[in-house]
Amino acid sequence: MADATAGSFSAAAPQERLTTADGKPLKDALNAAQARARRKALFLVLPLFAFVLLTFVAPIAQMLHRSVHNPGFTTHTNISTGVQTPIMVELRSWFDNNPRGTEPDEAAYEALVADLVLLRELKAPGVVGTRINYERAGSRAMFTKAARRAAKLEAPFIEAMLDLDEDWADPEMWAAMRDASSAYTLNFYLAAVDLTRDVDGSVTQVNENRQVYVTLFQRTLFLSLLITGLCFILAYPIAHLLATLPLRYSNLLMIFVLLPFWTSLLVRTTSWMVLLQSQGVVNDAMVGAGILADENRIQMMYNQTGTIVAMVHILLPFMVLPLYSVMRPINPSYVRAARSLGATSWTAFRRIYFPQTVPGIGAGALLVFILAVGYYITPALVGGADGQLISNLIAFHMQKSLNWSLAAALASILLGGILILYWLYDRLVGIDNLKLG
């Protein structure tokens, strides 16, 4: 009997594999379906990925590259043809063969004259002079003047060049040309923090009357934090009111919160200029009410006061909306339960209500702070000299001085500071608690 049972188990057919209706193995069919779903998801995300890559990642990468790369002393590009020609080759060769600190000799000046002749032919002395002018003011005129007469200069070249301009013997000029002989340099980052290189290459601070960037960074950080704090103080009760009112009333008030978005930024800024100037509406009202004498009008324009007032008004909705989005879902029964258990109104708010609004506070604070750091239109119009931020100087170098490398270095430092603050927020509060609605 046992032998018969064993024989029956041994003769049993092996378990059949599961297949689809067309005979394909079920496991292979599921894998193929998952692969198709992944490809469809990729194709759907691809346009957004390309958009972010072209409009966000690529410009930031180009900015970072520009902050350390300036070929104005090494390469000339013909605008009409796009052909690039190496320039200042002879002088760069002399720099490569002589260490820093070597006093320029006759061979160095001869190489300089030969390169100036080529610059004259390429019509590029102004480009090279502009590059050196970033390091040493007044250099552009020296290069254009020397290039016009370089073809007529004869040995000894030291005397010939010094007859044109005695500043050609300045060690700072030769140090600047040596630093510019490499297209890649960190000197723009040094300049962005009020540092420079000596003739011997050591890093030192610039003259006191030229130390502006660190002060502007400090002012930008201080004003951005102050504006963020003021927006929080003003936005918290507004958002609480919107969240606790009946829906028909809160929707009506929300229109007033969103109304600034329907008005041009330039219109809002110029409106504050009309209100805050010495002969403006605010001062006239205080004088008319007898609060101020006519000769004691308050100066609220072209200083930090004007910048703070205008920017708080502009950025306030960016704090209200995240706060409202987290306050609205909070169940009011939580606070009532705490009150019924003996907690005071302040204790119930501090221990029950406020902790639930922290995600909205973090989101609003980050939004307002990042926007405040990068604002330049409003400070430019109402800030004056005392209310300017680092963004205004970045715009100046991009549009006026055309020192794009220094502007890129300033912007890169600003970006790095924001990323550090973002990292600190993640460590202290947690980015997972960040909610925008």
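The values are calculated or read from the model by the stated rules, or taken from the named source; none is laboratory data. These numbers come from a predicted model, not from an experiment. A quick note on method: Cβ atoms are made from the backbone with ideal geometry, for glycine too, and the neighbour counts reach across all protein chains shown. Only protein heavy atoms, including side chains, enter the accessible area calculation; ligands, DNA and RNA are left aside. Shrake-Rupley method; radii C 1.70, N 1.55, O 1.52, S 1.80 Å.
Between the amide H of Leu195 and those of Val206, distances stay under 5 Å, these residues lying 5 or more places away or on another chain, with hydrogens modeled in the peptide plane. Couplings 3J(HN,Hα) of the range 380-395, computed from phi: 5, 8, 10, x, x, 6, 7, x, 6, 10, 5, 5, 5, 6, 4, 4 Hz, in residue order, whole Hz [Karplus 6.51 cos²θ - 1.76 cosθ + 1.60, θ = phi - 60°; x for Gly and Pro]. If the Kirkwood radius is taken over C-alpha pairs of the range 325-370, then at 20 °C and 1.002 mPa s the Stokes-Einstein diffusion coefficient equals 187 µm²/s.
Rounded to the nearest 0.05, the FRET efficiency derived from the C-beta distance between Asn296 and Phe232 at R0 = 30 Å is 0.40. With R₀ fixed at 35 Å, the C-beta to C-beta distance from Ile370 to Ala37 puts the FRET efficiency at about 0.45. Ordering of 410-423, 378-391, 23-36 by packing is 378-391, 410-423, 23-36, highest average first (other Cβ atoms within 10 Å, averaged per residue). Computed from the alpha carbon atoms alone, the convex hull of the range 248-356 holds 177 Å³ per residue.
How much accessible area per residue does the range 145-284 have, in Å², with a 1.4 Å probe?
Working: 7990 Å² over 140 residues.
Heavy-atom accessible area per residue stands at 57 Å².
In the range 160-191, whose amide N lies under 19 Å from the spot 7 Å out along Cα-to-Cβ of Ala141? List them in ranges. In the range 160-191, the label zone of Ala141 (backbone N under 19 Å from the point 7 Å along Cα→Cβ) covers 161-174. Placing a pseudo-label 7 Å from each Cα along the Cα-to-Cβ vector at Val274 and Leu428 gives an inter-label distance of 4.1 nm.
Cross-link partners of Lys123 among lysines, defined as those whose alpha carbon lies under 30 angstrom from its own and excluding same-chain residues fewer than eight positions apart: Lys145, Lys152, Lys400.
In this label model, Leu241 and Asp22 are separated by 6.6 nm, measuring between points 7 Å along each Cα→Cβ vector.
What ranking, highest mean first, results for peptides 355-366, 177-188 when packing means the other Cβ atoms within 10 Å averaged over each residue? Could you put the intermediate results ahead of the total?
Details: 355-366: 20.5, 177-188: 18.8.
Listed from highest to lowest mean packing, they are 355-366, 177-188.
Summary of the geometry: the range 53-112 and the range 226-287, compared by the centres of their Cα atoms, lie 51 Å apart.
Using θ = phi - 60° in the Karplus curve 6.51 cos²θ - 1.76 cosθ + 1.60, the 3J(HN,Hα) couplings for the range 112-118 round to 5, 5, 4, 5, 5, 4, 5 Hz; x is entered for Gly and Pro.
Amide H to amide H distances under 5 Å link His76 with Thr85, Ile87, where only residues 5 or more positions off or on other chains count and H is placed in the peptide plane. A simple rule links phi to the HN-Hα coupling: the Karplus curve 6.51 cos²θ - 1.76 cosθ + 1.60 with θ = phi - 60°, which for the range 259-273 gives 4, x, 5, 8, 10, 4, 4, 5, 5, 5, 5, 5, 5, 5, 4 Hz, with x for Gly and Pro.
If I take R0 = 56 Å and measure r between the Cβ atoms of Asn207 and Val57 in this structure, what FRET efficiency does the formula 1/(1 + (r/R0)^6) give, to the nearest 0.05? Intermediate results must be reported in sequence, preceding the final value.
Details: r = 38 Å, r/R0 = 0.69.
After rounding to 0.05, the efficiency reads 0.90.
The packing ranking of peptides 89-100, 227-238, 254-265, highest mean first, is 227-238, 89-100, 254-265, where packing means the average number of other beta carbon atoms within 10 angstrom of each residue. For the range 69-219, the fraction of C-alpha pairs more than 23 angstrom apart is 37%. For a straight C-alpha distance cut-off of 29 angstrom, the lysines reachable from Lys27 (same-chain residues fewer than eight places away being disregarded) are Lys40.
Modelled spin-label separation between Trp262 and Ala289, with each label point placed 7 Å from Cα along the Cα-to-Cβ direction: 2.9 nm.
Taking all pairs of different Cα atoms in the chain, averaging 1/r and flipping that mean, what Kirkwood radius in angstroms comes out? Could you put the intermediate results ahead of the total?
Details: mean 1/r = 0.0354 Å⁻¹.
For the chain, inverting the mean 1/r across all distinct Cα pairs yields 28.3 Å.
Here's how it looks for Thr19: its modeled amide H is under 5 Å from those of Leu26, which are all 5 or more places away or on a different chain.
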